[in-house]
Amino acid sequence: MPAIIFARSAGGIAAASSICCCVGPGGGVSFAIRFHIHPDVRMSASQGGDILLKLPNGEGWRFRAQTSIATEESVYLGTETLRRTEQLVLSGAVKDTPVEIGWMFEQIGRE
């Protein structure tokens with residue numbers, strides 16, 4: 001059962017997602033934590049592996065995680081028209097010991 005703990009500060013949101021599973025010996029379950037990004041937000045990878053997000057108003061955010069971050073195609077269903085977008089994906093596997101993955105959205109400035 002997943003659990004998420006949030007901490008909000010003036011400069012962003014930090015959280016830890018805790019995932020546990022009861023499986024038999026040698027078994028495991030794959031998981032993915034997905035953050036669907038609005039199509040008007042531009043994303044780019046930084047050299048350190050973080051993801052930079054730029055909002056239409058010029059505001060910037062950095063997404064960090066305690067694991068590798070993948071980007072995948074997604075769709076936006078918020079209007080009558082289907083729009084292509086992207087999502088951030090944190091993935092892994094859990095066996096008999098809970099897995100905790102920390103992540104944060106940190107505000108980095110505005111043009």
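Since every read-out is calculated from the coordinates, none of them should be taken as a lab result. Given the structure is predicted, the values throughout are model-derived calculations rather than measurements. When we count neighbours, we look across all protein chains shown, and the Cβ atoms used for this are built from the backbone with ideal geometry, even at glycine.
About the Cα centre, and with charges only on the beta carbon of Lys, Arg (+1) and Asp, Glu (-1), how big is the dipole of the stretch 3-110? Nearest 20 debye, please.
180
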Checklist entry - When Lys and Arg each count +1 and Asp and Glu each count -1, what net charge do the other residues less than 11 Å away from residue 74, Cβ to Cβ, add up to? => result 0
Checklist outcome for this item: Whole-Hz Karplus couplings 3J(HN,Hα) for the stretch 101-108, θ = phi - 60° and coefficients 6.51, -1.76, 1.60, Gly and Pro as x, run 10, x, 8, 7, 9, 10, 6, 10
Checklist outcome for this item: Computed ³J(HN,Hα) along the stretch 33-45: with the Karplus parameters 6.51/-1.76/1.60, θ = phi - 60°, integer Hz and x for glycine or proline, the list is 9, 10, 10, 7, 9, 4, x, 7, 8, 8, 10, 8, 7
Next on the checklist: With θ taken as phi - 60° and the coefficients 6.51, -1.76 and 1.60, list the Karplus ³J(HN,Hα) couplings across the stretch 67-83 in order, rounded to whole Hz; mark glycine and proline as x.
Outcome noted: 9, 5, 10, 10, 10, 9, 5, 8, 10, 10, 10, x, 9, 5, 9, 5, 10
Checklist outcome for this item: Any GluC sites (Glu not before Pro) in the stretch 64-94 that lie in a DSSP loop and have at most 11 other Cβ atoms within 10 Å would be 80
Checklist entry - How big, on average over all directions, is the shadow cast by the Cα convex hull of the stretch 3-110, in nm²? => result 8.4
